[in-house]
Amino acid sequence: MEPLASARRRPPAPAPAPSRFLLPVLFLFTLALSSCGAAAASGAPVGEDYVRPPARTRGGQRKALLGLFPWSKKKKASSAASDPQQVHISLSGEKHMRITWVTDDNSVPSIVDYGTKTSTYTSSSHGESTSYSYLMYSSGKIHHVVIGPLEDNKIYYYRCGGQGPEFQLKTPPSQFPLSLAVVGDLGQTSWTTSTLDHIKECDYDMLLLPGDLSYADFMQHLWDSFGTLVEPLASTRPWMVTQGNHEKESIPFFKSGFQSYNARWKMPYEESGSTSNLYYSFEVTGVHVIMLGSYTDYDESSDQYAWLKADLANIDRKRTPWLIVLMHVPWYNSNWAHQGEGDSMMSAMEPLLYAAHVDIMIAGHVHAYERSERVYKGGLDPCGAVHITIGDGGNREGLAHRYHNPKPFWSVFREASFGHGELKIVNSTHAHWTWHRNDDEEPVRTDDVWINSLSGSGCIQDSSREFSKILMSP
């Protein structure tokens, strides 16, 4: 079946004079080749024909890091109690960044010194701190400090707590192109390590993670080890995350859900008008990104639904021509795993998001990869969203190998393997999506597609009245 015009293998172009035609084509082709990882070899099995080989031995089993007593804290070897641990950064409103870290010493101040030259700090910001207890576990002091305003596309050097090692970060660009690394259901196995190593090879501006981070599952020291594991990447580029089922960690009548997640991974929910860290939005380089909560109320009477309507009403597609939504549970899923779990959320929210002309929807939860055509209400629709399931970062539960056959007409590509994605927003109309299979020693680019923004199509003009009607409804 011929792919829809809004998700082709190469960007469509008019037929101008050869000299004017050649330059943009070469530019887009160069961007495509710059995607990290080699393409799958000609004749090599891909998609459903691919069978992941047995894991290579690396001196240990590919299991989660469960070597500690479940209630003990994991800290860096030879680190002082005042040293920053588990450093990660996230966007916090326009031209601002939130720095988060943990210390074992409760007397360390929540302060970040920063500047554009190494060891030369020209600015300082004070923030807040929190901590929590979970059964027999007590966290360290968790610091959250917002720095800025910052210049776009600039390297900054920073120090946490007024002492200790220096870190550096790079702010996103103000103009296209923008490169986003995407990974879900990450965990803490050697598969995870391979995936993170592959992402490190990419030239990306930000990482998006649609839920299931540490797989701590009540064992709180695994939140500490996860923070240490991702720090080399998460301290240099903003990580924007949403919650999954493994973040819930609720104990009936004793512990409410998401206590650890909310304390450690504070996202810009207040900055986007949300009342919950479980759903929020942000803008970066011509892209409006919405993070939805699959595990908090989402029906039409819920706070999340009301917030989503208000957020969508404020989007200016001339300023942010791309609209991307992330959540944990997929709505279009042909894998046997987690079948139907997203149906009720889809029933409540898909009409609203369709009316807003969402370009791409990204989910995790299913431990395999799948990409759809543009769809709406179960059928092909040129004004619907492209759905991507990418719950294959490296989690300890393994892969979901079984797919329903025959393949649904809306499913373009599916494969049960670990990996990560890369989304290059080239300009206001074209983006290049690649999915990279994790082959341990190297990432293999296995799925590759150009996607056109709906802002440049007739969809928005044709249905603007319908969108206004939905937004105005009680």
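The values are calculated or read from the model by the stated rules, or taken from the named source; none is laboratory data. These numbers were taken from a predicted model, which means no experiment stands behind them. No Cβ is skipped: glycine too gets one built from the backbone with ideal geometry, and neighbour counts run over all protein chains shown. Surface accessibility is based on the protein's heavy atoms, side chains included, excluding ligands, DNA and RNA. Shrake-Rupley method; radii C 1.70, N 1.55, O 1.52, S 1.80 Å.
With only Lys, Arg, Asp and Glu charged, each at its Cβ (+1 for the first two, -1 for the last two), find how big the charge dipole of region 230-334 is about the Cα centre; round to the nearest 20 debye.
For this selection, approximately 280 debye.
For region 323-474, the share of accessible area belonging to carbon and sulfur comes to 53 percent (1.4 Å probe, ligands and nucleic acids excluded). Between Lys200 and Phe409, residue separation times 0.36 nm minus the direct Cα-Cα distance comes to 71.7 nm.
With a probe of 1.4 Å, find how much accessible area region 203-246 has per residue, and write the answer as a whole number in Å². Walk me through the intermediate numbers first.
Working: 740 Å² over 44 residues.
Accessible surface, normalised per residue, equals 17 Å².
Spin-label model, Gln461 to Ser250: label points 7 Å out along the Cα-to-beta-carbon direction sit 4.7 nm apart. If R0 is taken as 22 Å, the Cβ-Cβ distance between Lys469 and Ser302 corresponds to a FRET efficiency of 0.60. Stretched out straight at 0.36 nm per residue, the stretch from Asp316 to Thr122 would grow longer than its current Cα-Cα span by 66.3 nm.
Of the DSSP beta bridges with both residues in region 241-388, give the percent that are antiparallel, rounding to the nearest 5.
Percentage antiparallel, nearest 5: 50.
Per-residue accessible area (protein heavy atoms, 1.4 Å probe) orders Lys469, Lys248, Lys318, Lys424 as Lys318, Lys469, Lys248, Lys424, starting from the largest. Database remark: amide H of Gly184 closer than 5 angstrom to the amide H of Asp392, Gly393 (H placed geometrically; neighbours at sequence offset of 5 or more, or on other chains; Pro and chain starts carry no H).
In region 113-255, a dipole from Cβ-located charges (positive for Lys and Arg, negative for Asp and Glu) runs towards its positive end, and of Thr193, Leu180, Val145 it is Val145 whose Cα lies farthest in that direction. What is region 169-305 by shape, rounded, prolate or oblate, if you read a ≥ b ≥ c off the alpha carbon gyration tensor as root eigenvalues and call it rounded for a/c under 1.5, prolate for a/b larger than b/c, and oblate otherwise? Here region 169-305 falls in the oblate category. Cross-link check: pairs Lys117/Lys266; Lys95/Lys266; Lys309/Lys469 evaluated at a Cα-Cα cut-off of 19 Å; pairs beyond the cut-off: Lys117/Lys266. The alpha carbon convex hull volume per residue for region 323-426 rounds to 96 Å³.
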